[in-house]
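Contents: one structure, followed by commentary.
Every read-out reported here was derived from the displayed coordinates using simple, explicitly stated rules and does not represent laboratory data. What you see is a predicted model, and the numbers here were worked out from it, not measured in a lab. So basically every Cβ, Gly included, is an ideal-geometry build from the backbone, and we count neighbours across all protein chains shown.
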Amino acid sequence: MQYDNFLKLTEKKPADKLLGIHLALWYVFNNNWEMAHKTVHKLNTQTACWFYAYLHCVEGDMSNADYWYGQAYMETTTIALETELRDIIKSVFI
């Protein structure tokens, strides 16, 4: 799946082909933050850690976010959440 196609997804439930980080991102785009959290927490990749840090930023839990940025080998970001989410999505689809 390409980045632009992902952004156009409008299904009411996730497609069977969406797994892992793609599924977690789908949940965010459908405002199901709890399922995004649960889905990404099961993953063990640098990108998943980055996405998990992002989710904690959205929640305002910066101490947890700092921990997960560290797990992703990244410094805590100061960019806008919308920009960070776009960067995460692009990294997944490159």
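Show me the chymotrypsin sites (Phe, Trp or Tyr not before Pro) within segment 13-94 that DSSP assigns to loop and that have at most 11 other Cβ atoms within 10 Å of their Cβ.
Values: sites: Trp26, Tyr27, Phe29, Trp33, Trp50, Phe51, Tyr52, Tyr54, Tyr67, Trp68, Tyr69, Tyr73, Phe93; in loops: Tyr73.
Those that pass, being in a loop and sparsely packed, are Tyr73.
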Could you pull out the trypsin sites (Lys or Arg not before Pro) across segment 15-94 that fall in loop regions by DSSP (anything but H, G, I, E, B) with no more than 13 other Cβ atoms inside 10 Å?
Lys17, Lys42
What does the extension gain come out to for Glu75 and His41, with contour length at 0.36 nm per residue minus their alpha carbon separation?
10.3 nm
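Under a Cβ-only charge scheme (Lys and Arg +1, Asp and Glu -1), can you give me the dipole magnitude of the chain about the Cα centre, in debye to the nearest 20? Write out the running numbers ahead of the final one.
Working: 8 positive and 11 negative charges, 89 e Å.
I would put it at about 420 debye.
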Which of Leu43, Leu81 has the fewest Cβ neighbours within 10 Å, and the rest in rising order
Leu81, Leu43
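When only Cα pairs under 8 Å and 6 or more residues apart are kept, what is the percent relative contact order across the chain? Before the final figure, lay out the partial values.
Values: 86 pairs, mean separation 23.5, N = 94.
Taking the mean separation of contacting Cα pairs over the length of the chain, I get 25 percent.
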Amide H of Met74: which non-local residues (sequence gap of 5 or more, or other chain) have their own amide H closer than 5 Å, using H built in the peptide plane?
none
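Once you have a ≥ b ≥ c as the square roots of the Cα gyration tensor eigenvalues for segment 17-93, tell me rounded if a/c is under 1.5, and otherwise prolate or oblate according to whether a/b is larger than b/c.
Values: a/c = 1.42, a/b = 1.37, b/c = 1.03.
Rounded shape, in that the Cα axes give a/c under 1.5.
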Report ³J(HN,Hα) in whole Hz for each residue of segment 64-71, in order, from the Karplus equation J = 6.51 cos²θ - 1.76 cosθ + 1.60 where θ = phi - 60°; Gly and Pro get x.
5, 4, 4, 4, 6, 4, x, 5
In order through segment 51-62: 3J(HN,Hα) via Karplus (6.51 cos²θ - 1.76 cosθ + 1.60), integer Hz, x for Gly, Pro
5, 5, 4, 4, 4, 5, 4, 4, 6, x, 8, 5
Identify the GluC sites (Glu not before Pro) of segment 14-94 meeting these criteria: DSSP loop state and at most 15 other C-beta atoms within 10 Å of the C-beta.
Glu75
